[in-house]
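Beneath this line is the structure, given in structure tokens, with notes to follow.
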Amino acid sequence: MNKPLFCSLFLLIAFFLNAQTKSSYQSLDPKNPITFKGKTISYQGKTISLGPKAFFIDAQFSKEQLSKYPYVFNSINDAVKQLSNGTETAPMSLYIAPNVYWVDNPDDPEIRKPEGDGTVPYALNIKCDWLRFLGLTNNPENVVIAANRGQTIGAIGNFTLFKISGEGTNAENVTFGNYCNVDLNFPLKPELNRVKRATAIVQAQLIHCDGDKILARNCRFISRLNLCPFTGGKRVLFDRCHFESTDDALCGTAVYLNSTLDFYSSKPFYWTKGTGAAFLNCKIHSLTNGNQFFTKANGQLAVIDTKFTAENPIYLGWNDNLPLTTRNYQYLVSLNNNPVLIENKNPESTIDMSNLDVLNAYRFNFKGKTIYNTYNLLAGNDDWDPMNIKNIVLTAEKEQGKKLRFLPTQLLIESSQKTLETKKDKALLKASAFRFGNYEVQPEKINWSVASQDKTIIELKPSANSNECEIIPNLLDGDSRNVIITAKTTSGLEAAVVIKISPPKLESPIFTEAPHFAKINNGILNVQYKINTDFKDQTIINYYRCTDNKGGNPIEIAVSRDNIPLTEYPLTIADSSYYIMATLAPKNNRSDAGKTIKIVTQKAISANEITANKNTLIADFKNSSTKNQLEIIPGFWTFSPLDKEDINNSNPKDAWYFGEGFDGAANQFGLLPTGRSARLLYTPVKRNYTDMTFNLQVTPFKTAGQGFSVAHMYMDILIKWDAKTNSGYALRFIRTTKHHDAVDCILLEYQNGISYEISKAVTTHAFNGRCNISLEVKNNHLTAALSNKPTDSLTANNQQETILSALIKPSIWGGFGIFYNGGSQTMINEIQTSWK
């Protein structure tokens, strides 16, 4: 064969083979065919040229096939390595064929950790402007971008698929899923199905971003805790998207349009920021029990034309610890097809926009159709119009003769002072209006008002343009009062601020009868005094144990709280041989505290002056000192940080405080850890102790039974404890990776600070609400029990009583206490201990 003929034949064969390779390509989804021709793809009648700003991705391609095509990839990860910045008119586009794309290897046993000084481990960190993820399908379930790691389950930190830095990120027809706690079902190719990594629901996130003009259309966002769909974006629009989540999940700066949301727990937002989030024509299915709130840490919301459904009776509210100043907006909201007012127990917090012009900022009617005014909400200062409705808005505005653009959605009040004393202070209130996305505008005329019962104690003096208002207090007597001042615009925007109004402050009273201790009566040390006042006595009285009658080496043991003088101090066996000092600062409800005077018992407390049972200790901490007390001293509490670095700090903050609870402990007062961890110990007076019981009532802030912030955080209840050597026994409550609505209980032996398990772990759902915990040592047998009454959030099959037991070594120790390392707080309501 001559050379020219051979070359021609070779080229013909090569061309034929190449054509066969291209023509053999077939998408997994035959209903949405894709034609691949090497340098182009064709989809739905459109031919797309591949190049530096247009990549084609299909996991079906082999490495050999990819070697021929520089702009074709079989993974998101490889494509991301070649990205370059796009523009608004020419974005960097990833055309993604139906398949499952793991951005993190689900079979890699290595634990993912944050990079550098970061706190979040990311699968991919992308820096690219105007990046577009475009699924080549009509069904977003067919293009899945996935990972399956979460906090403590495959990762240290809240594992997240993407961190995207850049403007204009866009996604269409794609599912973003973290399948740590959710099964991946992929009907197009069932062999790609994958069972969830764990049943315990942990923080497993999707996308953090820091750009503006973020758009997701016909996308699905699947995880549970901390979903994070494009969280961090300035202006975000979700059009026809679907979300599945539990708490702390949603983007708090977004417009949710024509979308569906499944709420698996009570607080889908941690918070909303600035002008907040808006739901327009959405369907929300609540799978929680009892209360369905929106936020954990507050923020503004607007809910329009939105239908809630729920299998169980639920209460719709904004927040379970609702600030008095909350003002959120709704229009045509229903629950199981019945009209409902969100937060109907606090109706002042909800502005029903029916018949108010502010509704035009969110929706209006035009030619018989409802138009959701996304142009007003998202136009910003750069005319962003992702739904292409600007011309409709302009036409409607002209025909209807009313303003439909640049309408504010938020009114806020700033106050120069939050506490005012009559005849001394004034405050200036300033109202500011903002368009969605935090663009400030000049507010309309504002009407300032207070409730009728407060009109006599406060004077409002609005400025000429009404944007500002001077507040002049006029409370002449009685106790201080909180006054709510409301600002309203003519269109219906509202804002509120709380100002504390006090009567004129008087000079501090003085003692007309010098403070002194009365004779100890029935084991009670009583302080007597008189002050020159006609007002309510609020003298501050604190008590100390000292080593001499001059007040040497004082350790604070009891304090006044809630402006109630603590005139009586019940003596206990721990006071024996100590001198008791009291400090008194005279005060009434109209004054500051005056000069402090101290008094000390002239002789040490003797045992025969004490009537309290020396074998029993009961504490609710209502008047207990909670200052750090780091020493281990018989008869004293030790309040200290748990972390050694905090203990060694030259000036550590107090590890505990007495205060009001939140979430699961709302409307209760008790002892609380200041930070994520703390140590509380009691060392009894020196004796040989044999049997003892230690009973506690505690209330976790967490309301699902998981107790603590993340897996492996815990609380140890200590008994038969020697604080000097950190030895003894404990009942540990620990959050594990097995459950998201339960904790494990296990008995431990501590030897010189090192713990050893001495029982099998038992799982309980009862660590929720007010819990009764009992530890008993009898005849060297340790028994522990947890019980609780069922609450709305507990299912019928939940275990309400947990019992563990173990044989222990005999000891003479009688200490007890708590090691708290739980992150989310747990309130200590009461402690009761008895010894033998």
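The values are calculated or read from the model by the stated rules, or taken from the named source; none is laboratory data. What you are looking at is a predicted structure, and each value in this text was computed from that prediction instead of being measured. Ideal geometry is used to build each Cβ from the backbone, glycine not excepted, and the neighbour counts take in all protein chains shown.
Here the stretch 822-836 is the region considered, the condition is being of a type outside the set (S, T, N, Q) and assigned to a strand (DSSP E or B), and the residue that is farthest from residue 674 (Cα to Cα) is 835.
Figure legend. Inter-residue proximity from the stretch 593-605: first residues within 10 Å of residue 516 (Cα to Cα), second residues of a type in the set (D, E, K, R), beta-carbon distance below 9 Å, spacing 6+ or different chains. Indicated pairs: 600/548; 600/550. Screening 727, 805 for residues that are in contact with a His (Cβ under 8 Å, 6 or more places away or on another chain), more than 26 Å from residue 672 (Cβ to Cβ), at pLDDT 90 or above and not hydrophobic (A, V, I, L, M, F, W, C) leaves exactly one candidate, 805.
In the condition set (1) closer than 20 Å to residue 822 by Cα; (2) in contact (Cβ under 8 Å) with a residue 24 or more places away in the chain; (3) buried (at least 17 other Cβ atoms within 10 Å of the Cβ), residue 744 is compliant with all but (2).
Return the residue satisfying two criteria in turn: it lies in the stretch 475-517 and is among the polar types (S, T, N, Q) and either in a strand (DSSP E or B) or more than 39 Å from the chain's Cα centre (by Cα) (or both), and of such residues it is surrounded by the most Cβ atoms within 10 Å (Cβ to Cβ). Of everything passing the filter in the stretch 475-517, 489 is surrounded by the most Cβ atoms within 10 Å (Cβ to Cβ). Counting the residues of the stretch 62-83 that are in contact (Cβ under 8 Å) with a residue 24 or more places away in the chain, surrounded by fewer than 18 Cβ atoms within 10 Å (Cβ to Cβ) and within 35 Å of the chain's Cα centre (by Cα) gives 2. Can you pull out the residues in the stretch 572-604 that are more than 19 Å from residue 535 (Cβ to Cβ), of a type outside the set (Ser, Thr, Tyr) and crowded, with 21+ Cβ neighbours inside 10 Å? Listed by number, the residues that qualify are 574, 575, 580, 581, 582. Can you tell me which residues in the stretch 580-613 are in contact with a Leu (Cβ under 6 Å, 6 or more places away or on another chain), more than 18 Å from residue 521 (Cβ to Cβ) and β-branched (Val, Ile, Thr)? Answer for the stretch 580-613, where residues must be in contact with a Leu (Cβ under 6 Å, 6 or more places away or on another chain), more than 18 Å from residue 521 (Cβ to Cβ) and β-branched (Val, Ile, Thr): just 597. When you go through (1) surrounded by 17 or more Cβ atoms within 10 Å (Cβ to Cβ); (2) among the hydrophobic types (A, V, I, L, M, F, W, C); (3) more than 30 Å from the chain's Cα centre (by Cα); (4) under 29 Å from residue 771 (Cβ atoms) one by one for residue 632, which number turns out not to apply? For residue 632, the failing item is (1).
When the stretch 517-555 is filtered for residues that are among the polar types (S, T, N, Q) and touching a Cys at 6+ places or on another chain (Cβ under 7 Å), only 553 remains. Which of the residues spanning the stretch 123-165 are closer than 17 Å to residue 175 by Cα, polar (S, T, N, Q) and either surrounded by fewer than 24 Cβ atoms within 10 Å (Cβ to Cβ) or in contact with a helix residue (DSSP H, G or I) (Cβ under 6 Å, 6 or more places away or on another chain) (or both)? Result: 138, 139. Within the stretch 691-712, the residues that satisfy the criterion of being over 14 Å from the mean Cα position of the chain (by Cα) and farther than 16 Å from residue 672 by Cβ are 691, 692, 693, 694, 695, 705, 706, 711, 712. Residue count for the stretch 537-587, restricted to those that are under 17 Å from residue 685 (Cα atoms), hydrophobic (A, V, I, L, M, F, W, C) and part of a loop (DSSP other than H, G, I, E, B): 1. When residue 186 is tested against (1) buried (at least 22 other Cβ atoms within 10 Å of the Cβ); (2) touching a Lys or Arg at 6+ places or on another chain (Cβ under 9 Å); (3) in a loop (DSSP other than H, G, I, E, B); (4) of a type in the set (A, V, I, L, M, F, W, C), only condition (1) is not met. Of all residues in the stretch 320-334, at least one satisfies being part of a strand (DSSP E or B), modelled with pLDDT of 95 or more, under 29 Å from the mean Cα position of the chain (by Cα) and of a type in the set (Gly, Ala, Ser).
If you go through the stretch 805-821 and keep only what is part of a loop (DSSP other than H, G, I, E, B) and among the aliphatic types (A, V, I, L, M), you end up with 808, 812.
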